[in-house]
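The values are calculated or read from the model by the stated rules, or taken from the named source; none is laboratory data. What you see is a predicted model, and the numbers here were worked out from it, not measured in a lab. Note that we place each Cβ from the backbone using ideal geometry, even for glycine, and neighbour counts take in every protein chain shown.
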Amino acid sequence: MSAMDTTVYTAELKEALTGDRATPFVWLCNFEVENEWARGYRGLPAARVSATSATVQRMEELGALLAEPTDHLLLDRPLDASYRRYVEKTGLGAPAELVTAAPAREGGTGQAVLDDPGLLDRLRALAAGGARLMPMGNSPLVERIARETGLPLAVPDAAVHERVNSKIYSRRVTEELGLRPIPGFCCETVGELRHALEHGLADGGPVIVKDAYGVSGKGLIVLDSRRKADRLLRMVERRATSTGDDSIHVVVESFLPKRFDLNYQFTVDHAGRVRLDFVKEALTSGGVHLGHVMPAALTPAQHATLAEAAGKLGARLYADGFFGVVGVDALLGADDLVYPVLEINARLNMSSYQGRITERFLTEGGAALAKHYPLRPARPVSFDEVTAALGPLAEPPHGSTGVVVTCFGTVNAQAGTGPGPFEGRLYTLLFAAGRDGLGELDRAVATALTGLGGT
């Protein structure tokens, strides 16, 4: 039996969504989908410009290790040839690449697909062969691709995705299901925001205000004083006066003392059955996702609390028209209580892309760390230079220990955007026999990358 025959993670996902684990998928890893969902919803009055948009675009390459070799992966530029050979060397294989005629611009790879008549014809041929379109999250743009090509979607419609991915939906469902909530408020008018800030700050601690469709630190502000809260209120009130519209779509939440953040994933199949896939510790800073540690250091009772929450959330999502992968952010409080919902992400998430790799290389009793290493190179870096810097660490994991590079394109995504060094990221999964070994391996990787501008 080959290594490629030993993983079932993606096959089981296909079975859950389509009823057939052999369904060929065309993957569209549209990380920018939240931007589409956010249209029509008024968030915080801040510029929605991100210097990392090129990096987010390149993260679509994470799909190369989630897709099976019989699948196709939509990309706006081909995988680096050396990196593709590396992916194949892991034993997981690599999907066929479907590359758009021009690099993505506004609308990401999805729009680039729609602008490419030749690629649309290839997708029509795949549709005739029984393939299905599998996006990270559905949107009107993705539905246009499905209509143009005849590719059936493997997920529910865009309207359902938009509705269930709002942080306001997350809070309301948490309360309705009787799950332990983070203290806070849903706000859909300026008046509700004023009320939430008055009551939230009255408790003495800071509060966090989050756009209903913000992601990874964007559309988020921390208020630790009445002065800052008043400044925000003046801004939203001025906007309401000038537009004649006092709507705003945010949540306001208290900070809780915590041991650590959590992320768990469950899958709701097409018949409404719910399966808890995994629970991980999430590494975050300032609301920005930095990685995961697995398995999570939870007691059996704490794990059972998350399993019960997954069952309730999955049933509710299915009743609201959703099926598919759901990632939920949660936390373990300093009081050892589990708060099972910070937010619901009813779509593929960063943990989803780690499924096949973890299944292949995480040994029983072992530990894994998913993280990215910041780089600041002065010029574009080749993948061969990365493997040369890593040395023996660039070999696929052996036994219980090793490193897998999960995304290389993000290293050079911002090359040429300005003079001098640029910001890059190397995404990885580290495996060791235990947490102590993970720490040693993490330090070894960081040291190896210093010559490439590692920080």
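Pairs linking a residue in the range 15-37 that is touching a residue at least 12 places away in the same chain (Cβ under 8 Å) to a residue that is among the hydroxyl-bearing types (Ser, Thr, Tyr), with Cβ atoms under 6 Å and 6 or more positions apart or on different chains, are Ala16/Thr267; Pro24/Thr70; Val33/Ser139; Glu34/Tyr213; Glu36/Ser139; Trp37/Tyr213. Glu32 meets the conditions (1) surrounded by fewer than 17 Cβ atoms within 10 Å (Cβ to Cβ); (2) under 22 Å from the mean Cα position of the chain (by Cα) in every case but one. The failed one is (1).
Can you spot a residue in the range 362-382 that is outside the structural domain of Asp211 (by TED's automatic domain parsing), among the aromatic types (Phe, Trp, Tyr) and within 22 Å of Ala94 (Cα to Cα)? Within the range 362-382, not a single residue is outside the structural domain of Asp211 (by TED's automatic domain parsing), among the aromatic types (Phe, Trp, Tyr) and within 22 Å of Ala94 (Cα to Cα). Taken over the range 237-270, residues that are more than 23 Å from the chain's Cα centre (by Cα) and either within 17 Å of Thr284 (Cα to Cα) or surrounded by fewer than 21 Cβ atoms within 10 Å (Cβ to Cβ) (or both) amount to 14. Condition check for Trp37 on (1) of a type in the set (A, V, I, L, M, F, W, C); (2) over 30 Å from Met235 (Cβ atoms); (3) assigned to a helix (DSSP H, G or I): one failure, at (2). Within the range 182-192, restricting attention to residues that are in a strand (DSSP E or B) and surrounded by fewer than 19 Cβ atoms within 10 Å (Cβ to Cβ), which residue is nearest to the chain's Cα centre (by Cα)? Of everything passing the filter in the range 182-192, Glu188 is nearest to the chain's Cα centre (by Cα).
For the range 223-272, which residues satisfy the criterion of being among the basic types (Lys, Arg) and not in a helix (DSSP H, G or I)? Residues satisfying the conditions are Lys258, Arg259. For the range 163-181, filtering for residues that are under 17 Å from Lys210 (Cβ atoms) and assigned to a helix (DSSP H, G or I) leaves 10. Of the residues making up the range 235-276, those that are among the acidic types (Asp, Glu) and under 23 Å from Asn165 (Cα atoms) are Asp246, Glu253, Asp261, Asp269.
Restricting to the range 398-421, count the residues that are modelled with pLDDT of 95 or more and touching a Leu at 6+ places or on another chain (Cβ under 9 Å). Number satisfying all stated conditions: 11. Could we say that Gly118 is surrounded by fewer than 21 Cβ atoms within 10 Å (Cβ to Cβ), over 18 Å from Val56 (Cα atoms) and in contact (Cβ under 8 Å) with a residue 60 or more places away in the chain here? Spelling it out, it is not the case that Gly118 is surrounded by fewer than 21 Cβ atoms within 10 Å (Cβ to Cβ), over 18 Å from Val56 (Cα atoms) and in contact (Cβ under 8 Å) with a residue 60 or more places away in the chain. Restricting the range 139-156 to residues that are in a loop (DSSP other than H, G, I, E, B) and without any contact (Cβ under 8 Å) to a residue 60 or more places away in the chain, the residue that is nearest to the chain's Cα centre (by Cα) is Pro152. Those helices (runs of 4 or more DSSP H) of the range 336-451 in which 3 or more residues are charged (D, E, K, R), surrounded by fewer than 22 Cβ atoms within 10 Å (Cβ to Cβ) and without any contact (Cβ under 8 Å) to a residue 24 or more places away in the chain occupy 435-448. In this structure, Thr100 qualifies as touching a residue at least 12 places away in the same chain (Cβ under 8 Å), surrounded by fewer than 24 Cβ atoms within 10 Å (Cβ to Cβ), touching a Leu at 6+ places or on another chain (Cβ under 7 Å) and among the β-branched types (Val, Ile, Thr).
Could you please let me know if Ala444 is among the hydrophobic types (A, V, I, L, M, F, W, C) and over 22 Å from Leu66 (Cβ atoms)? Answer is yes for this residue.
Only one entry of Ile168, Ile221 meets the criterion of being out of contact with any helix residue (DSSP H, G or I) (no Cβ under 8 Å at 6 or more places or on another chain) and surrounded by 15 or more Cβ atoms within 10 Å (Cβ to Cβ), and that entry is Ile168. Summed over the range 111-138, residues that are over 26 Å from the mean Cα position of the chain (by Cα) and part of a helix (DSSP H, G or I) total 11. Of all the numbered requirements in (1) touching a residue at least 40 places away in the same chain (Cβ under 8 Å); (2) out of contact with any strand residue (DSSP E or B) (no Cβ under 9 Å at 6 or more places or on another chain), Ser285 misses one, and that requirement is (1). Right, Tyr213: in a loop (DSSP other than H, G, I, E, B), closer than 24 Å to Phe323 by Cα, not assigned by TED's automatic domain parsing to the domain that holds Val341 and not aliphatic (A, V, I, L, M) or not? Spelling it out, Tyr213 is indeed in a loop (DSSP other than H, G, I, E, B), closer than 24 Å to Phe323 by Cα, not assigned by TED's automatic domain parsing to the domain that holds Val341 and not aliphatic (A, V, I, L, M). Residues of the range 201-210 being in contact with a helix residue (DSSP H, G or I) (Cβ under 7 Å, 6 or more places away or on another chain) and either surrounded by fewer than 20 Cβ atoms within 10 Å (Cβ to Cβ) or part of a helix (DSSP H, G or I) (or both), which ones? Residue satisfying the conditions is Leu201 alone.
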